[in-house]
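What follows is calculated from the coordinates using simple rules that are stated; it is not laboratory data. Just so it is clear, the model here is predicted, and its values are computed rather than measured. Methodologically, a virtual Cβ is constructed for each residue, glycine included, from the backbone with ideal geometry; neighbour enumeration extends over all protein chains shown.
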Amino acid sequence: MNHQKAQNAMQAVGLFRLMEEDATGQGRLLLWDRNWVVVKQRPRAGTRVTENTTITLYSKKVDE
């Protein structure tokens with residue numbers, strides 16, 4: 001899923017403790033969220049969480 005859309009979906013249900021990381025390990029900052037795609041998240045999709053849970057989205061650039 002597009003990184004920006006993933007963030008919007010989580011925020012729409014009250015999840016705001018979101019972190020993001022470059023999934024390639026290069027440590028790049030995700031400046032333009034629309035140019036990135038989520039490849040993994042922690043906790044895993046479908047896991048029950050509370051509004052206090054920190055969710056990390058691991059993304060890579062769309063063309064990688």
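Around Thr53, under 14 Å between beta carbons, what's the net of Lys plus Arg minus Asp minus Glu among the other residues?
Working: positive: Arg17, Arg42, Arg44, Arg48; negative: Glu51.
For residues surrounding Thr53, the net value is +3.
Using 0.36 nm per residue, how much length does the chain from Asn2 to Thr47 gain when fully extended, once their Cα-Cα distance is taken away? Please list the in-between numbers first.
On the way: separation 45, 0.36 × 45 = 16.20 nm, distance 1.97 nm.
Length gained between Asn2 and Thr47: 14.2 nm.
Could you work out the relative contact order of the chain, using alpha carbon pairs under 8 angstrom and six or more residues apart, expressed as a whole percent?
Details: 100 pairs, mean separation 27.5, N = 64.
This gives 43 percent for the chain.
Non-local amide H neighbours of Leu18 (under 5 Å, H modeled in plane, Pro and chain starts lacking H): which ones?
The list, which skips near neighbours in sequence, is Ile55.
Using the crude model of +1 on Lys and Arg Cβ and -1 on Asp and Glu Cβ, and no other charge, please compute the dipole size for the chain relative to its Cα centre, in debye to 20.
180 debye
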